[in-house]
Amino acid sequence: MSLETLDLAAPRDRTIGLSEAALTRRIDLTTLRLFMAVCEEQNLTRAAQREGIAASAVSKRMNDFELAFGVTLFRRLSKGMALTPAGEALLHHARVTLLNVEKIAVELSEYSQGVRGHVRMLANLSAIVQFLPEDLQAFFSAHELLRVDLQERPSGHVVRGIEEGAAEIGICSGEAETRALEAFHYRYDHLAVVVRSDHPLSARADILFADTLDYDHIGLHAASSIYLRSQYAASQAGKSMRLRINVPGFDAVCRMVQADMGIGLIPDRAFEVIGAGMGLRAIPLRDDWAKRELKIVVREATQLSGTGRMVLDHLRTAEQSQEPRRRGRINQ
């Protein structure tokens, strides 16, 4: 390659770099926040009112952004605003960016208060009730200055939240589709049918799920992996569940069973924690699908924060460290 060619190419490369830098400077946090408000409200005026800014100022920021990047973010409709494909792409990146900025603010403020790390987690109800209290207590015993923000979500929403950057670490059902996320084994549990002591099934040592379908059921919420799996099992048995009511959690299932509303399906460890003192019985299911795996999911383990990596490593080994303690409590 000649020197003349190099000399001619260099200014063009610099021009492209300067152009990209100029576009990057157009992406500021205020514009992203206003864009998110318009998306959520589907109306520019309501978004402006929510953010305490003039509607004309919001409109100008959106128009300037579209002109700078040569894209259209919204389709203006008679009853609101709908996102274009470019707007959908920006919405995904805006969510991740604003969540990361929030994480920066939270972690820096916690350092000023003596906290030395912070990680966000999402987990399904089974993990939160059965395993995480003891597992996180053991973690905090060794790392007193760290903080975990834990939120409960159905397994499918856990996966989506990790994909979107709402949290670093998630725990979901082993049957959940984890797509491009990295997944690690966490725990196993076993489903059981909860009945009153005077129920016709109460004398059974174990039971097939199909044998419960002649009785009224108390179901978990429709997004629950247990509810979805039980519905599928009923259809495979050629029957439908006699669903009397849907409730939000395992404690509500046990209370409804106690009130003679029907029978319920919850994990065995959850029954030990919630239902054992309520005069109820838990009958183990014999079906193969009743033994379930819980998985830990992350976007990329190597990209976790230092605190996130510590939590991940702890949870991956928690099954071995906690099981001897549980056997000791059972044998007492």
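The values are calculated or read from the model by the stated rules, or taken from the named source; none is laboratory data. For clarity, every value in this text was computed on a predicted model and none was experimentally measured. Ideal geometry is used to build each Cβ from the backbone, glycine not excepted, and the neighbour counts take in all protein chains shown. For accessibility, only protein heavy atoms count, side chains too; no ligands or nucleic acids. Shrake-Rupley method; radii C 1.70, N 1.55, O 1.52, S 1.80 Å.
The table that follows gives values for the structure above.
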read-out: Accessible carbon and sulfur surface of the range 51-105 relative to its total accessible area, %, 1.4 Å; value: 60
read-out: Surface accessible to a 1.4 Å probe, Arg50 within the full protein complex, Å²; value: 110
read-out: Of Leu145, Ser230, Phe184, farthest towards positive along the dipole that unit charges on Lys, Arg, Asp, Glu beta carbons give the range 133-266; value: Ser230
read-out: Net dipole in debye of the chain [+1 Lys, Arg Cβ; -1 Asp, Glu Cβ; about Cα centre; nearest 20]; value: 560
read-out: Per residue solvent-accessible surface (Å²) - the chain, probe of 1.4 Å; value: 53
read-out: Cα-derived Rg over Rh, computed across the range 118-276 with Rh taken as Kirkwood radius; value: 1.01
read-out: Largest-first ordering by accessible area, 1.4 Å probe, given options His157, His314; value: His157, His314
read-out: Cβ-derived FRET efficiency at R0 45 Å, Ala301 paired with Ile245, nearest 0.05; value: 0.65
read-out: Relative contact order (percent, whole number), the chain, Cα cutoff 8 Å, 6+ residue spacing; value: 18
read-out: Surface accessible to a 1.4 Å probe, Arg46 within the full protein complex, Å²; value: 110
read-out: The range 44-86 versus the range 180-210: alpha-carbon centroid distance in Å; value: 50
read-out: Sequence of Asp149, Asp214 when ordered by accessible area, the most exposed leading, probe 1.4 angstrom; value: Asp214, Asp149
read-out: Of all DSSP beta bridges in the chain, antiparallel share, percent nearest 5; value: 60
read-out: Spatially proximal aspartates and glutamates relative to Lys291 (Cα-Cα < 16 Å; intrachain offsets below 8 disregarded); value: Glu175, Asp189, Asp206, Asp268, Glu319
read-out: Rule-of-thumb Rg ratio for the chain [Cα; 2.2 N^0.38 Å; N residues]; value: 1.31
read-out: Distance between the range 258-281 and the range 226-250 - C-alpha centres, whole angstrom; value: 17
read-out: Net dipole in debye of the range 126-204 [+1 Lys, Arg Cβ; -1 Asp, Glu Cβ; about Cα centre; nearest 20]; value: 300
read-out: Residue-level accessible surface for Asp64, protein heavy atoms, 1.4 Å, Å²; value: 60
read-out: Ellipticity estimate at 222 nm from DSSP helix runs (n ≥ 4, -39,500 (n - 2.57)) divided over the chain, nearest 500; value: -16000 deg cm²/dmol
read-out: Full-stretch length increase - Ala82, Ser321 - with 0.36 nm per residue and alpha-carbon distance subtracted; value: 80.9 nm
